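The structure appears right after this line, and notes come after that.
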Amino acid sequence: MKNMEVQAQSTPNPNAVKFTADKAIFEGSTSLKKGDDTDHPIAKALLQIEGVDNIFGYQDFVTVNKTMDADWDELMPKIEEAFAAE
């Protein structure tokens, strides 16, 4: 998944942001919360970020939900890094 282009979109939920990629990220759907075990590299990287509560992914997108006290300004660079690592 080298050179994946990802676009962030706000959602009606202020604690969730949808990230859409130009390539498939997941086969089918994935729903994981902090502490869940996964071998998926992007899911694992996202869940290891302090302030990320859970993720829901389906094919070319993933919605990241943050904890109530986390700040998107601090999370966004870390989330972008998780995608760039792939």
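Going residue by residue through segment 28-36, is there one that turns out to be among the basic types (Lys, Arg) and not in a strand (DSSP E or B)?
Yes, segment 28-36 contains a residue that is among the basic types (Lys, Arg) and not in a strand (DSSP E or B).
Of the conditions (1) under 18 Å from residue 80 (Cβ atoms); (2) more than 10 Å from the chain's Cα centre (by Cα); (3) surrounded by 12 or more Cβ atoms within 10 Å (Cβ to Cβ); (4) without any contact (Cβ under 8 Å) to a residue 12 or more places away in the chain, residue 36 clears all except one; give me its number.
Among (1) under 18 Å from residue 80 (Cβ atoms); (2) more than 10 Å from the chain's Cα centre (by Cα); (3) surrounded by 12 or more Cβ atoms within 10 Å (Cβ to Cβ); (4) without any contact (Cβ under 8 Å) to a residue 12 or more places away in the chain, residue 36 violates only (1).
Take the residues in segment 1-21 that are at pLDDT 95 or above and assigned to a loop (DSSP other than H, G, I, E, B), then tell me which one is farthest from residue 65 (Cα to Cα).
My answer is 12.
What number of residues within segment 53-86 are surrounded by 15 or more Cβ atoms within 10 Å (Cβ to Cβ) and part of a helix (DSSP H, G or I)?
Adding up the residues that qualify gives 6.
Tell me which residues, restricted to segment 29-43, are of a type in the set (Gly, Ala, Ser) and out of contact with any Phe, Trp or Tyr (no Cβ under 7 Å at 6 or more places or on another chain).
Selection gives 35, 43.
Considering segment 1-23 alone, what residues qualify as being free of Cβ contacts under 8 Å to residues at least 40 places away in the same chain and surrounded by 13 or more Cβ atoms within 10 Å (Cβ to Cβ)?
Answer for segment 1-23, where residues must be free of Cβ contacts under 8 Å to residues at least 40 places away in the same chain and surrounded by 13 or more Cβ atoms within 10 Å (Cβ to Cβ): just 23.
State yes or no: is residue 50 surrounded by 10 or more Cβ atoms within 10 Å (Cβ to Cβ), outside any loop (DSSP other than H, G, I, E, B) and either of a type in the set (S, T, N, Q) or out of contact with any Cys (no Cβ under 9 Å at 6 or more places or on another chain) (or both)?
no
The values are calculated or read from the model by the stated rules, or taken from the named source; none is laboratory data. Everything numeric here is computed off the predicted structure, so don't read it as measured data. FYI the Cβ positions are ideal-geometry reconstructions off the backbone, even for glycines, and counts take in every protein chain you see.
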